[in-house]
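Enquirer: Before I ask anything, here is the structure I am working with.
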Amino acid sequence: MLLIRCPVCEMDRPELEFRYGGEAHVARPLDPSSVSDQDWAEYLYFRSNPRGVHAERWRHTSGCGRFFNAIRHTVTDRILATYKAGEPKPDLATLTGETGR
Amino acid sequence: MTQPFRTAAGGHVDRARAIPFTFDGKSYTGHAGDTLASALLANGVALMGRSFKYHRPRGVLGAGAEEPNALVSVSRGGGRFTPNLRATQVELYEGLVAESQNRWPSLAVDVGEVNNLVPPGVFSAGFYYKTFMAPAGAWKGVYEPFIRKAAGLGVVPREPDPDHYTHRYAFCDVLVVGAGAAGLAAALAASEGGARVIVADENPAMGGGLLDEPDLAIDGQPAAAWAAQAVATLVARTNVTLLTRTQAFGYYAQNFVGLAQRLTDHLAALPAHAPRERMWKLRAGRVVLATGAIEQPLVFPDNDRPGIMLAGAARTYLNRYGVKPGDHAVVFTVDDSGYAAALDLARAGVAIAAVVDVRPEPGEAAALAANAAALRVLSASVITGTSGRLRVSGAEIGKVGPDGTVRPVERIACDCVLMAGGWVPAVHLFSQSRGKLRFDDARGIYLPGEPAQAQLSVGACNGAFGIAAALAEGFAAGGAGAAPAVSGEIAPMGGGFQGAVPHHRDPQKVKAFVDFQNDVTAKDIRLAVREGFRSIEHVKRYTTNGMATDQGKTSNMNGLAIAAGALDKPVPQVGLTTFRAPYTPVTFGSFAGHSRDHLFDPVRKTATHAWAQANGAVFEDVGLWKRAWYFPKPGETMHAAVARECRTVRDTGGVFDASTLGKIEVVGPDAAEFMNRLYTNPWTKLEPGRCRYGLMLNEQGFVIDDGVIGRLAPDRFHVTTTTGGAPRVLAHMEDYLQTEFTDLKVWLTSTTEQWAVIAVQGPNARRVLQPLVDGIDISREAMPHMSLREGRICGVPTRLFRVSFTGELGFEVNVPADHGLAAWEAIWAESQRYGMAAYGTESMHVLRAEKGFIIVGQETDGTVTPNDLGLDWAIGKLKPDFVGKRSLTRPDMLKADRKQLVGLLTADPAAVLEEGAQITAEATPIRGRPALGHVTSSYASPAAGRSIAMALVAGGRARMGETVFIPMPAGPIAAQVCEPIFHDKDGSRLDG
Ligand SMILES: [Zn+2]
């Protein structure tokens, strides 16, 4: 069971308290009516699914209830950073450099 | 009863205490401190089980968790029955009742033994895949019953488990797994400075291999005494927790380790109310793995007869339990540890017929000691076969020539053969922790590489074999103190010979076992390679090597080496199968803990639950809720009760508990705009005091929820959701509010449990409520359909909705949940003046279906759009955007052949269709042609006087009047497509 740091509560809490929410930084288009069918389908259904670091949404469901973002390595399951929704994605190169393998 | 193989002295059992027990119904006596295996051996019982495929007689191979053969079932009465326990780990207690497994009619005479005589090939590698391929259908009739009866391990318990199990979460600075020399040393050193240390060991006593070394001295003290002192020191430290009988079975991310602690299995009398097992969910700052090594058997023909065991196990039986494995032993060894066993046994009076050593020369210390004890050593020799039926009676010896060929030389009579096939580090937990293993070419063993977590492996599991090396690594890992001096040790060297022992016999005609528990032979593994399997993971699955309950603790390395040999590749290039949790089997009870029976899931009850119970309600589970399903009168069937309830509602009225509907209060200056974006409907112009049916989509444009929503004030909405959808809808709303529509000032609060909801439906609904309301004008003119008033009812505050899910005049009375029962009782009393009925969820379903009202989750399945449901009227077409809007114009959403909601009327009005049944255009479905759709709702309708159904049918709205078919086992049922409404099409009854 992972320990996940909630950036709102500022505490490491067990995975059981959280709910996964899919890839992060997939912004809803501001004016969906002006988006082409193809682009809308990409927005709805296409995700990056990387083997490696992945920015993803989590919600502290059984805690503060807030959505936030995490950078997780999909192979090692290590969470390299968590940050509040709306904050910019951290620089991945710095993150992976800092935390090693 | 005498114990012929018990030594006169020695061992750590309590000889003053005789412990009676039974095995397969026969009575024996052992001593306190025995395991079932050691006590049986003491009594001269070598035969303890039958093998899985060939039903070959088997004795004990090991002395601990690695045991593949001696699996037993233990019954304690009263439903307490545990199969597949390793006799080597079952502690003896007074009155223990154990049974062997996998034999019929008895252990000595087993019908299944004929499997051993069937032609070669029938049970060879991949036999599951080959033998049962054809003819089709034979599996169910022939093979499966045969396999189930003849093979398999223990039987499943039949009665519910009367025991209870508990869970504990814990934290520590250092977790030490294994309390042998390395583990004790690490624990002593780590705890010296006050760090919180937990030590877990699978055995009843700590000390591990230190308990098996009579000649070895640590700082001049006997090894066992040093261990006892170390344990005493740790016990005295308040920062240390010692857990015996505790298996670290799983190692997960971030040093999260699962421990299974056995609390009562070893007790003759079970303490009242004590849990049987405790599962520890432990998070450790640092983990020290001191899990030791597992001695490997040697793969030679007929290496599985009772009496053939691991040399290290024989030492354990002798030194820990005071039990001789036999009277005449042949020791077959690949390293010096076989000599340690031979010397111990010789001193205990066991005649060592020979030490058969595959090496041209034994190690120096071993040679000296063997010489001193006048042991007969046969170097460059192997065992090429054994004899004996229920116990080994002799070993065939072969001499290995310089070219590797084997020449038979002699037969040696014996009643036990001890195999010292080399030691393999127990890297299971290290590997589970995602650490990468590295192969030590020199010793032919896998060792822990770089750890993936804050963790260290010490002692034999790290390749540091022997007590001296283990102590040194343990103390170093604990970070304090120097290791004590060790004398008198013949240390094993690890690794050693792996693969199949060479012999001169026809390999097709002998069985040299690799995996004892799954009956996999060297021949099977070679066959798998010949048939094209290259990856060890595939070889494993094809042969089932290492896939039994012992997970290959004594077979993986030999199997790997044989496969590597057949592939002519070095071992590390063939790879290693993955180690998975649990290390040893863990009971289901332990995982379940207290989550069973009434504690399995919370039960949610509405305020009127007790009233419904007292009035004969039958309940159904809806999510966690208990809902009144129907209210049968004495002797009334469900069908009759539902028909009566439905008729009564339409004739005069009915009362229904709708409290389980989800409720969310949406509040804030931007509440209306938020509702505009989250629901398809327009909300801006809805006046306070009015309600609207709301439809919620996901971004893909599919219906995910619906409900009536009332506007209480410009900035306040009372939202209702489906019963099951409440948490999902709130999470959906929060998601958009927190991450997309962050500009909106809105607060969301779940109020599901704050309000009890009593639906009063039917022509007399207004008359019932009239005398009960206070300060609310509920007249037809003042309170029209789809309106909402706040005031008082039955003396308590209410939010009163005028809504209808039946098509009749209706109200839904919301009162604070604490007043729900009182309000219900007052309304009920009033309703009885009009002969109204209490009705349950079944009638609610029928009444709404008669009106064609959908239920999200019944008429929808996550792929249904508003248009599919004929609900375009609920879409605010002038709104620039709402969640799901853009998707509604995607090309796929506009296709004419989408499945659309229609009604169905069966040709036979008495035929009630099965919900979920497929619908086809032809009476006999045409192969390869997809179904048109499926039945979503179907009931016998009292109002229509016949059966009714709703269905999703491709292009359904263009099929009005067409006949479709519902193919069923008894033949196709014809039905006509119609509008999905079956009663009061013009809605005239809404006003009563
Ligand atoms: Zn939080």
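The values are calculated or read from the model by the stated rules, or taken from the named source; none is laboratory data. Values in this document were obtained by computation on a predicted structure and should not be read as measured data. A quick note on method: Cβ atoms are made from the backbone with ideal geometry, for glycine too, and the neighbour counts reach across all protein chains shown. These area figures cover heavy atoms from the full protein model, side chains too; ligands, DNA and RNA do not enter into them. Shrake-Rupley method; radii C 1.70, N 1.55, O 1.52, S 1.80 Å.
Enquirer: I need a count of the residues in the range B:229-252 that are within 25 Å of the chain's Cα centre (by Cα) and either more than 14 Å from chain A (Cβ to nearest Cβ) or open to solvent by 30 Å² or more (accessible area, probe 1.4 Å) (or both).
Expert: 8
Enquirer: On to the next question. Mind listing just one residue for me: the one in the range A:31-48 that is more than 9 Å from chain B (Cβ to nearest Cβ) and either surrounded by 15 or more Cβ atoms within 10 Å (Cβ to Cβ) or without any contact (Cβ under 8 Å) to a residue 24 or more places away in the chain (or both) and, of those, nearest to A:T94 (Cα to Cα)?
Expert: In this case the residue turns out to be A:F46.
Enquirer: Here is a follow-up. Would a scan of the range B:399-411 turn up a residue that is surrounded by 22 or more Cβ atoms within 10 Å (Cβ to Cβ) and either of a type outside the set (S, T, N, Q) or over 30 Å from B:G59 (Cβ atoms) (or both)?
Expert: Within the range B:399-411 (the criterion being surrounded by 22 or more Cβ atoms within 10 Å (Cβ to Cβ) and either of a type outside the set (S, T, N, Q) or over 30 Å from B:G59 (Cβ atoms) (or both)), the answer is no, since none of the residues qualifies.
Enquirer: Give the residue, chosen from B:P301, B:P271, that is surrounded by fewer than 24 Cβ atoms within 10 Å (Cβ to Cβ) and either within 23 Å of B:A32 (Cβ to Cβ) or among the aliphatic types (A, V, I, L, M) (or both).
Expert: B:P271
Enquirer: Additional query: Looking at the range B:843-858, is at least one residue surrounded by fewer than 17 Cβ atoms within 10 Å (Cβ to Cβ), in the same structural domain as B:E914 (by TED's automatic domain parsing) and not small (G, A, S)?
Expert: Within the range B:843-858, one or more residues are surrounded by fewer than 17 Cβ atoms within 10 Å (Cβ to Cβ), in the same structural domain as B:E914 (by TED's automatic domain parsing) and not small (G, A, S).
Enquirer: In addition: How many residues are among the polar types (S, T, N, Q), buried (at least 24 other Cβ atoms within 10 Å of the Cβ) and in a helix (DSSP H, G or I) if we restrict to the range B:643-672?
Expert: 0
Enquirer: Okay, moving on. Listed residues B:I218, B:I198; which is modelled with pLDDT of 95 or more, more than 14 Å from chain A (Cβ to nearest Cβ) and in contact with a Cys (Cβ under 8 Å, 6 or more places away or on another chain)?
Expert: Checking each option against the conditions leaves just B:I198.
Enquirer: Same structure, new question: Being open to solvent by less than 20 Å² (accessible area, probe 1.4 Å), in contact with a strand residue (DSSP E or B) (Cβ under 7 Å, 6 or more places away or on another chain) and within 21 Å of B:V109 (Cα to Cα) narrows it down to one residue among B:L36, B:L41, B:L47; which is it?
Expert: B:L41
Enquirer: Kindly indicate whether any position in the range A:47-67 is in contact with a strand residue (DSSP E or B) (Cβ under 9 Å, 6 or more places away or on another chain) and among the aromatic types (F, W, Y).
Expert: yes
Enquirer: Within the group B:I776, B:I827, which residue is touching a strand residue (DSSP E or B) at 6+ places or on another chain (Cβ under 7 Å) and assigned to a loop (DSSP other than H, G, I, E, B)?
Expert: Of the residues listed, the single one that is touching a strand residue (DSSP E or B) at 6+ places or on another chain (Cβ under 7 Å) and assigned to a loop (DSSP other than H, G, I, E, B) is B:I776.
Enquirer: Ok, one more. Could you say whether any residue in the range B:298-311 is charged (D, E, K, R) and over 30 Å from B:A108 (Cα atoms)?
Expert: So far as the range B:298-311 goes, no, none of its residues is charged (D, E, K, R) and over 30 Å from B:A108 (Cα atoms).
Enquirer: Give me the strands (runs of 3 or more DSSP E) completely within the range B:269-314, filtered to those with at least 1 residues that are more than 19 Å from B:P425 (Cα to Cα) and charged (D, E, K, R), ordered by residue number.
Expert: B:277-289
Enquirer: Applying the selection to the range A:49-78, what residues are facing another protein chain (nearest Cβ under 8 Å) and more than 18 Å from A:L2 (Cβ to Cβ)?
Expert: If the condition is that a residue be facing another protein chain (nearest Cβ under 8 Å) and more than 18 Å from A:L2 (Cβ to Cβ), then A:G65 is the only one that fits.
Enquirer: For the range A:1-13, give me the residue count where each residue is at the interface with chain B (Cβ under 10 Å from one of its Cβ atoms) and open to solvent by 40 Å² or more (accessible area, probe 1.4 Å).
Expert: Total satisfying the criteria: 3.
Enquirer: Does B:R286 satisfy the criteria of being of a type in the set (K, R) and open to solvent by 50 Å² or more (accessible area, probe 1.4 Å)?
Expert: yes
Enquirer: Identify all residues within the range B:673-697 that are open to solvent by less than 10 Å² (accessible area, probe 1.4 Å) and closer than 17 Å to B:V746 by Cα; write none if there are none.
Expert: Across the range B:673-697, the qualifying residues are B:F674, B:M675, B:L678, B:Y679, B:W683.
Enquirer: Condition check: within 14 Å of another protein chain (Cβ to nearest Cβ) and of a type in the set (A, V, I, L, M). Does B:L737 satisfy that?
Expert: So B:L737 fits the description; yes.
Let's see how each residue does on (1) more than 14 Å from chain A (Cβ to nearest Cβ); (2) among the β-branched types (V, I, T); (3) touching a residue at least 60 places away in the same chain (Cβ under 8 Å):
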site: B:T648; (1), (2), (3): yes, yes, yes
site: B:F656; (1), (2), (3): yes, no, yes
site: B:N681; (1), (2), (3): yes, no, yes
site: B:R690; (1), (2), (3): yes, no, yes
site: B:E699; (1), (2), (3): no, no, yes
site: B:V703; (1), (2), (3): yes, yes, yes
site: B:D706; (1), (2), (3): yes, no, yes
site: B:R716; (1), (2), (3): yes, no, no
site: B:Q754; (1), (2), (3): yes, no, yes
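Enquirer: Provide a single number: the residues in the range A:1-31 that are more than 16 Å from the ligand (Cβ to nearest atom), out of contact with any strand residue (DSSP E or B) (no Cβ under 6 Å at 6 or more places or on another chain) and closer than 18 Å to B:D735 by Cα.
Expert: Result for the range A:1-31: 5.
Enquirer: Name the single residue that is farthest from B:N698 (Cα to Cα) among those in the range B:877-889 being open to solvent by less than 40 Å² (accessible area, probe 1.4 Å) and either away from chain A (no Cβ under 14 Å) or among the charged types (D, E, K, R) (or both).
Expert: The extreme case among them is B:K879.
Enquirer: Something else now. Take B:G852 and decide whether it is assigned to a loop (DSSP other than H, G, I, E, B) and under 25 Å from B:E620 (Cβ atoms).
Expert: Criteria met by B:G852.
Enquirer: Taking the range A:52-80, which residues are of a type in the set (G, A, S) and away from the ligand (no atom under 14 Å from the Cβ)?
Expert: Passing the criteria: A:G52, A:A55.
Enquirer: Based on what the data block shows, is B:S887 out of contact with any His (no Cβ under 8 Å at 6 or more places or on another chain), among the hydroxyl-bearing types (S, T, Y) and closer than 16 Å to B:F982 by Cβ?
Expert: Taking the combined requirement at face value, the residue does not satisfy it.
Enquirer: Sort out which residues of the range A:79-90 are more than 11 Å from chain B (Cβ to nearest Cβ) and surrounded by 13 or more Cβ atoms within 10 Å (Cβ to Cβ), and write them in order of number.
Expert: A:L80, A:A81, A:T82, A:Y83, A:K89, A:P90
Enquirer: Count, please, the residues in the range B:546-561 that happen to be open to solvent by 10 Å² or more (accessible area, probe 1.4 Å) and in contact with a helix residue (DSSP H, G or I) (Cβ under 7 Å, 6 or more places away or on another chain).
Expert: The number of residues fulfilling the criteria is 2.
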